[in-house]
1. Heavy atoms only, 1.4 Å probe, whole protein assembly: order 139, 251 by accessible area, highest first.
2. Which FRET efficiency value, to the nearest 0.05, is calculated for residue 289 and residue 150 with the Förster distance at 30 angstrom and r the Cβ-Cβ distance?
3. Leaving out ligands, DNA and RNA but keeping every protein chain, what accessible area does residue 237 have, in Å² rounded to the nearest 10, with a 1.4 Å probe?
4. Could you check the simple spin-label distance between residue 108 and residue 223, using points 7 Å along Cα→Cβ, in nm with one decimal?
5. Please arrange 172, 144 by accessible surface area, largest first, computed with a 1.4 Å probe and ligands excluded.
6. In nanometres, what is the gap between the two model label sites at residue 128 and residue 303, each 7 Å from Cα along Cα-to-Cβ?
7. Per residue of the range 302-310, in order, report the coupling 6.51 cos²θ - 1.76 cosθ + 1.60 (Karplus, θ = phi - 60°) as ³J(HN,Hα) in whole Hz, putting x for Gly and Pro.
8. Rounded to the nearest percent, how much of the accessible area of the range 85-198 (1.4 Å probe, protein heavy atoms only) is carbon and sulfur?
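The values are calculated or read from the model by the stated rules, or taken from the named source; none is laboratory data. Not measured: the values here are computed from a predicted model. With ideal geometry, Cβ positions are generated from the backbone for all residues, glycine too; neighbour counts draw on all protein chains shown. Ligands, DNA and RNA are stripped out before the accessible areas are found, and what is left, the full protein with its side chains, is counted by its heavy atoms. Shrake-Rupley method; radii C 1.70, N 1.55, O 1.52, S 1.80 Å.
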Amino acid sequence: MIRAAFLALASVSLAGCVGSAAAARPKASYAAARLADRATDAAAPSAARSGVSAVAGPRVLKSARRSHRARPLSRVEAANRAAVSEPSPDGYVGALQVYPWAEGALYRLYAAPEEVSDIVLQPGESLVSVAAGDTVRWIIGDTTSGAGPTRRTHILVKPSAPGLTTNLVIATDRRVYHVEAQSTARTAMTSISWTYPDDALLALRGAPGAGSEAVTAGAGIDSLNFGYRIEGDKPPWRPLRAFDDGRQVFIEFPAALEQGEAPPLFVTGEGGQPELVNYRVRGRYYVVDRLFSAAELRLGERHQQIVRIVRDGSEQGRGRRHP
């Protein structure tokens with residue numbers, strides 16, 4: 001009797017132990033997580049010895065994503081910096097900065113509070129719209145001067161404080177201008193305008209009396225080489241630029257050339273000696289019937305004004321518009 005009770009009690013105890021063991025058994029997911037933790041803990045010492053972080057994978061991916069996003073922005077910033085045309089000493093006619101027009105270029109305008117800067121469009125060009133990035137701190141208006149074919153549109157720009165930047169998109173019936181405006185404490189550009197090599201080339205092609213000797217016959221815009229420098233004195237007639245089509249050199253002058261005496265052109269020959277060269281006057285252009293490495297424009301007797309035109313010797317300027 002006592003033995004039977006003992007056996008029964010033992011059976012109950014054994015069943016209780018079995019039930020507790022079954023209840024304490026871990027789930028499969030928990031066991032898998034613990035095995036992964038052990039594998040990570042085991043790999044950590046060897047990773048530390050090799051100098052590689054055990055969690056470097058996600059960090060590298062995150063850094064790569066940031067780098068991928070940054071690269072396009074860097075390309076945009078670099079392209080904008082390369083496209084900006086800054087004021088050039090050679091481009092001034094009095095207080096007017098004259099930029100050479102080029103598709104896709106950004107033109108700098110420095111302005112100042114309490115002063116109005118004037119953006120002058122091409123004669124006969126009609127304004128369609130003006131948009132500015134900051135219309136709160138920049139005052140922008142427009143007006144016109146002249147009449148008929150000489151009528152010109154003026155866009156007037158005035159900042160309210162120094163240290164401001166904005167951009168202007170000026171749409172006309174002929175082209176779109178992109179202007180980068182920056183305000184300073186005191187220094188302001190009085191006015192900016194443009195010259196248009198493509199239009200001038202078309203005008204030269206249709207010059208009266210050119211006949212079969214059309215000065216730019218067969219010349220394409222992309223074949224023009226603008227790799228010339230203008231150096232020396234700065235008289236009112238100082239050329240704006242020079243370019244060639246592989247056969248002839250075209251020297252563009254400001255409008256002041258038609259109002260005064262035209263300077264003779266001398267090509268620098270062997271030994272640095274000046275030589276007269278055949279050229280023709282077409283409006284504001286000298287058309288030289290040969291290529292040259294250097295030439296001089298001279299005007300005056302006792303106190304000569306001398307301006308040099310020097311070819312830079314490379315073809316990098318071909319098809320581009322340089323000041």
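1. Greatest to least solvent exposure: 139, 251.
2. The calculated FRET efficiency here is 0.40.
3. Here the residue's solvent-accessible area equals roughly 20 Å².
4. Here the answer is 3.6 nm between the modelled labels.
5. Numbers: 172 20, 144 70 Å².
Descending order: 144, 172.
6. Once both label points are built, they end up 5.0 nm from each other.
7. Residue by residue, the range 302-310 yields 5, 10, 6, 9, 10, 10, 9, 10, 10 Hz.
8. Here carbon and sulfur together make up 52 percent of the probe-accessible area.
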